[in-house]
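Each remark here refers to the structure printed beneath this line.
What follows draws every value from the coordinates through simple rules; no lab data is involved. Quick caveat, the model's predicted, so the values are computed rather than measured. In this analysis, Cβ positions are derived from the backbone assuming ideal geometry, glycine residues included, and neighbour counts consider all displayed protein chains.
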Amino acid sequence: MPALDDILQQKNQLLAAGLKSRTLHATHRSAGAQAVRAGVSFISFSCNDYLGLSQHPQVVEAARTAISEYGAGAGASRLVTGECPLYAELEAAIASAKGQEAALVFGSGYLANIGVIPALVGRGDLILADKWVHACMLDGARLSGATVHRFAHNNLSHLEFMLEQQRAEHSHCLILTETVFSMDGDRAPLPAIAALAKRYNAWLMTDDAHGFGVVGAENPAEIQMGTLSKAVGGYGGYVCGSQALRDYLISASRSLIFTTALPPSVLAANIAALRIIAAEPQRVALPLERAQQFTQALGLPLAQSAIVPLVLGENDKALAASARLAELGYLVAAIRPPTVPENTARLRFAFCADHTPNQVQALADIIRAEGWV
Ligand SMILES: *Cc1c(COP(=O)(O)O)cnc(C)c1O
């Protein structure tokens, strides 16, 4: 029998041969979308800190104060020793920001999805998920034991076809989609999906990871999850909806029950960030404005969110383009399969409130000069 490391080395070589290995890079982030890697400074266009709030003085100060008051860690899960009083304040702020009756905070967006979905559906039930939903929604769907099918991206007639074929054979049905899709930046037709859900007696759950704090839209879904790790600039996940939903999930979500609560400093930072989001609509408008400036400069379809993909095809092309931009001082992530479909490797630009119009224009000029559009 080969030793574990021999097997892993072989696997690593296979990944490298397919340009599929991933590596970690120590990167010192700071205000103004700045990042320093191995002593070299970059402007980052690959960060989800859309509003720059992870570096905001009020947010940082709130975290510091909470550490002094409550200590560095939570001590146990939310249920076991009693939770930090900041949870109630944070959940009230989220429910209010989302216009929902109640909110429940999880350790991360990932934990929210893998906790909420299996709490709501199981064997004998049906999940219909948009083909492009995030990996953690799919992981939650798989964990649930329900029958899982995926409908073509944003394709209402395909969704309706699946409902027609399969709904009657299952007890409950849950439809999963995102408000803003994380790799393409496009948006789901939520009112139309909700109307279908209603017609077929299905529930709708949305993932608002890239919408919250950037693009708000009417959301009729009865189960709305999201993350505090992107525009909010901190860490944590949430689900909001009715009080009954919250009450039930506290008793039924394994990823809430069997994990330690968030550190008080993180709760306080999230609360401070939500306050800024509520008070500064002009800041919230900036990421979309910058993204639209970029797509207009390049003649691309008008950005619908802060995320703009530039699909280049093969992995080597996306990696080479990302490396070229790094030479010029810009951090732009190359996204490859399996994160995106085969042959759609791409540059993924994320625009932030901290980017200046001049920086966006300079980036667009480079992309034209390189002949990538
Ligand atoms: C980032 C992301 C998540 C996970 O959120 P975390 O808080 O980082 O765990 C879930 N869904 C989507 C669409 C995301 O982009």
Item to complete: Might you check whether a residue that is over 22 Å from the mean Cα position of the chain (by Cα), assigned to a loop (DSSP other than H, G, I, E, B) and touching a residue at least 12 places away in the same chain (Cβ under 8 Å) occurs anywhere in segment 88-105?
Response: yes
Open item on the list: Leu143 - would you say it is hydrophobic (A, V, I, L, M, F, W, C), crowded, with 21+ Cβ neighbours inside 10 Å and either within 16 Å of the ligand (Cβ to nearest atom) or in contact (Cβ under 8 Å) with a residue 60 or more places away in the chain (or both)?
Closed with: no
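Taking Arg283 as the residue in question, decide whether it is of a type in the set (Lys, Arg) and touching a Pro at 6+ places or on another chain (Cβ under 9 Å). Walk me through how you get there before you give the answer.
Values: of a type in the set (Lys, Arg): yes; touching a Pro at 6+ places or on another chain (Cβ under 9 Å): no.
So Arg283 does not fit the description; no.
Any chance you could count how many residues in segment 251-288 are in a helix (DSSP H, G or I) and in contact (Cβ under 8 Å) with a residue 60 or more places away in the chain? So that I can check it myself, show each step before the final result.
From segment 251-288, those in a helix (DSSP H, G or I) are 251-252, 254-257, 264-279, 281-288; that's our starting set.
The next check asks that each one be in contact (Cβ under 8 Å) with a residue 60 or more places away in the chain; those that pass are 252, 254-257, 264-278, 283-284, 286-288.
So the answer is 25.
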Apart from one, (1) at positive phi; (2) within 14 Å of the ligand (Cβ to nearest atom); (3) out of contact with any strand residue (DSSP E or B) (no Cβ under 6 Å at 6 or more places or on another chain) all hold for Gly234; the odd one out is (1)
If we ask which residues in segment 120-143 are under 21 Å from the mean Cα position of the chain (by Cα) and small (Gly, Ala, Ser), their number turns out to be 4
The number of residues in segment 101-129 that are surrounded by 20 or more Cβ atoms within 10 Å (Cβ to Cβ), more than 11 Å from the ligand (Cβ to nearest atom) and not aliphatic (A, V, I, L, M) is 2
For segment 228-250, pairs from a residue that is closer than 11 Å to Gln100 by Cα and among the polar types (S, T, N, Q) to a residue that is in a loop (DSSP other than H, G, I, E, B) and away from the ligand (no atom under 11 Å from the Cβ), with Cβ under 6 Å and 6 or more apart or across chains, are Ser242/Glu101; Gln243/Glu101
Selection from segment 180-195 of residues surrounded by fewer than 19 Cβ atoms within 10 Å (Cβ to Cβ) and away from the ligand (no atom under 16 Å from the Cβ) yields Pro189, Pro191, Ala192, Ala195
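Got a sec? Which of Gly226, Gly241, Gly213 is of a type outside the set (Ser, Thr, Tyr) and more than 16 Å from the ligand (Cβ to nearest atom)?
Values: Gly226 fails: more than 16 Å from the ligand (Cβ to nearest atom); Gly213 fails: more than 16 Å from the ligand (Cβ to nearest atom).
When all the criteria are applied, what remains is Gly241.
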